[in-house]
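The values are calculated or read from the model by the stated rules, or taken from the named source; none is laboratory data. Quick caveat: nothing in here was measured; it's all calculated off a predicted structure. For neighbour counting, all protein chains shown are included, and Cβ atoms are generated from backbone atoms with ideal geometry for every residue, glycine included. In case anyone asks, the SASA skips ligands and DNA or RNA and just uses the protein heavy atoms, side chains included. Shrake-Rupley method; radii C 1.70, N 1.55, O 1.52, S 1.80 Å.
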Amino acid sequence: MADDLGYHSLSAYGCDEFQTPNLDRLARSGMVFTQCHARAMCSPTRTVLLGGRTLDRASMGQVPSQSMAEVLTAEGLYCGFSGKWMQRNMPWDHGFAEGLVQVNWYKYYGPHFVVFNSGGYLREHNLPQPLPEKMLDRDLAVEGDQAQAFKLREEYGPEVLKRFAIDFIDRHKDRRFFLYYPMKLPHAPVLPTPDSKLTPEIERLIETARDIPVEDHGYSLKGDRRWRNDVVAYIDKMVGRLMAKLDEEGLVEETLVVFTSDNGPGTDAAVREGVERLPGSKGGVLDGATRVPCLVSWPAGVKAGTTCDALVDFTDFLPTFVELVGGELPSDTAVNGVSFVKVLRGQESGARQWIYIHDGWHPNPAGQ
């Protein structure tokens, strides 16, 4: 799951600017959904995705009991996490057996992390004890005796998350697993990537980014639209590396891969002639805020090269995944989502007639 990647950022949705060969290949290998809707901002989307509930039945920023990972764990899957969390409490409180969380906002260079239960990459940094309950992952200490997170000064955050994801697959390829990989790109600030053409000016900017205080990062470090293409290209590169790993291990045929975004259009591109732009933007209730790219690849179960106009809501992923693994939702778990397994298999055109959308706000610091 990308962060703020607009509907029109991929060729499959009319993009005429960004080059995304790996995502284009993923789109051709499976089903392209044209009416998949998230929420309008980061935290609400994660709440409804992980809980399968709309926000009238879930506290924003608080994953409900019986999260996606807990339900899938009960069905025999080993659940891992790598990326942006943006919820109260942390992934290990909600069924993830291991994971890496990039914390403290959007420090792409000199990033801060918390890692838990890793038996491989970054295991030497495993968190020795749980964090306090209700801890927000944007407030973790990095220095001093009470440090809760660690800093990798010389690293590029998205690259670290990708490495952890690939290491997770490598270590758990012989069992059924679920990997939730919500990257932080292309959320602002839009900065050059390690693949950008380096000039003395860009090298100075990167060095500044490594050491700028977290509290000043979003204000002092201004991004630039000239690097949007580089950022989207890096997302595409990371997806390509992940797919290459699945291919290397012989897992592509039986692995369901979903690529989507948490809202839009923080990053959007020029569109081809004849393509109509979606109205609205992040934080609102129009299509531009909530309709997101959604590519589903599963060679064993989804016909390649198909496009689907069925309504799909982010609450639908939980019941869909549970049905795919042959399980049942817990009887005491209230879920608004509707499984779209039959849509994936080409057996029906879609079960939903409507979805519930609201304007998007992050949880307040007091957690109320």
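Among the residues in segment 22-41, are any among the hydroxyl-bearing types (Ser, Thr, Tyr) and either open to solvent by less than 20 Å² (accessible area, probe 1.4 Å) or closer than 29 Å to PHE113 by Cα (or both)?
Looking through segment 22-41, none of the residues is among the hydroxyl-bearing types (Ser, Thr, Tyr) and either open to solvent by less than 20 Å² (accessible area, probe 1.4 Å) or closer than 29 Å to PHE113 by Cα (or both).
Any residue at all in segment 144-163 that is within 29 Å of GLY76 (Cα to Cα), in a loop (DSSP other than H, G, I, E, B) and in contact with a strand residue (DSSP E or B) (Cβ under 7 Å, 6 or more places away or on another chain)?
Taking every residue of segment 144-163 in turn, none turns out to be within 29 Å of GLY76 (Cα to Cα), in a loop (DSSP other than H, G, I, E, B) and in contact with a strand residue (DSSP E or B) (Cβ under 7 Å, 6 or more places away or on another chain).
Answer yes or no: is there a residue in segment 43-50 that is part of a loop (DSSP other than H, G, I, E, B), open to solvent by less than 10 Å² (accessible area, probe 1.4 Å) and β-branched (Val, Ile, Thr).
no
Which of (1) open to solvent by 10 Å² or more (accessible area, probe 1.4 Å); (2) modelled with pLDDT of 90 or more; (3) touching a helix residue (DSSP H, G or I) at 6+ places or on another chain (Cβ under 9 Å) is the odd one out, the single condition SER59 does not satisfy?
Against the list (1) open to solvent by 10 Å² or more (accessible area, probe 1.4 Å); (2) modelled with pLDDT of 90 or more; (3) touching a helix residue (DSSP H, G or I) at 6+ places or on another chain (Cβ under 9 Å), SER59 comes up short only on (2).
In segment 238-283, how many are in a loop (DSSP other than H, G, I, E, B) and either in contact (Cβ under 8 Å) with a residue 24 or more places away in the chain or not small (Gly, Ala, Ser) (or both)?
So the answer is 24.
Among the residues of segment 1-17, is any surrounded by fewer than 24 Cβ atoms within 10 Å (Cβ to Cβ), at pLDDT 90 or above, in a loop (DSSP other than H, G, I, E, B) and in contact with a Gly (Cβ under 7 Å, 6 or more places away or on another chain)?
Within segment 1-17 (the criterion being surrounded by fewer than 24 Cβ atoms within 10 Å (Cβ to Cβ), at pLDDT 90 or above, in a loop (DSSP other than H, G, I, E, B) and in contact with a Gly (Cβ under 7 Å, 6 or more places away or on another chain)), the answer is yes, since at least one residue qualifies.
Within segment 112-125, is there a residue that is surrounded by fewer than 19 Cβ atoms within 10 Å (Cβ to Cβ) and over 21 Å from ILE169 (Cβ atoms)? Can you show your working first?
Filtering segment 112-125 down to residues surrounded by fewer than 19 Cβ atoms within 10 Å (Cβ to Cβ) leaves 117, 119-120, 122-125.
Remaining after also requiring over 21 Å from ILE169 (Cβ atoms): none.
Checked segment 112-125: no residue is surrounded by fewer than 19 Cβ atoms within 10 Å (Cβ to Cβ) and over 21 Å from ILE169 (Cβ atoms).
Could you give every pair whose Cβ atoms fall below 6 Å, whose first residue belongs to segment 1-20 and is closer than 17 Å to PRO279 by Cβ, and whose second residue is of a type in the set (Val, Ile, Thr) and open to solvent by 10 Å² or more (accessible area, probe 1.4 Å), counting only separations of at least 6 or pairs across chains?
Once the first residue is closer than 17 Å to PRO279 by Cβ and sits in segment 1-20, its partners that are of a type in the set (Val, Ile, Thr) and open to solvent by 10 Å² or more (accessible area, probe 1.4 Å) give HIS8/VAL271; GLY14/VAL271; GLY14/VAL275.
Taking LYS197 as meeting all but one of (1) assigned to a loop (DSSP other than H, G, I, E, B); (2) buried (at least 18 other Cβ atoms within 10 Å of the Cβ), write down the number of the exception.
Going through the list (1) assigned to a loop (DSSP other than H, G, I, E, B); (2) buried (at least 18 other Cβ atoms within 10 Å of the Cβ), LYS197 breaks only (2).
Where in segment 285-360 are the helices (runs of 4 or more DSSP H), entirely inside, with at least 1 residues that are open to solvent by 60 Å² or more (accessible area, probe 1.4 Å) and either over 20 Å from ASN263 (Cβ atoms) or at pLDDT 95 or above (or both)?
317-324, 341-344
In segment 62-90, what count of residues is obtained for those that are assigned to a helix (DSSP H, G or I) and open to solvent by 10 Å² or more (accessible area, probe 1.4 Å)?
Residues meeting the conditions: 3.
Going by the conditions given, is ARG53 of a type outside the set (Phe, Trp, Tyr), open to solvent by less than 10 Å² (accessible area, probe 1.4 Å) and either within 28 Å of PHE113 (Cα to Cα) or in a loop (DSSP other than H, G, I, E, B) (or both)?
Values: of a type outside the set (Phe, Trp, Tyr): yes; open to solvent by less than 10 Å² (accessible area, probe 1.4 Å): no; either within 28 Å of PHE113 (Cα to Cα) or in a loop (DSSP other than H, G, I, E, B) (or both): yes.
Judged against the criteria, ARG53 is not a match.
Looking at LEU191, LEU161, can you tell me which residue is open to solvent by less than 60 Å² (accessible area, probe 1.4 Å), more than 17 Å from the chain's Cα centre (by Cα) and either free of Cβ contacts under 8 Å to residues at least 60 places away in the same chain or on the phi < 0 side of the Ramachandran plot (or both)?
Of the residues listed, the single one that is open to solvent by less than 60 Å² (accessible area, probe 1.4 Å), more than 17 Å from the chain's Cα centre (by Cα) and either free of Cβ contacts under 8 Å to residues at least 60 places away in the same chain or on the phi < 0 side of the Ramachandran plot (or both) is LEU191.
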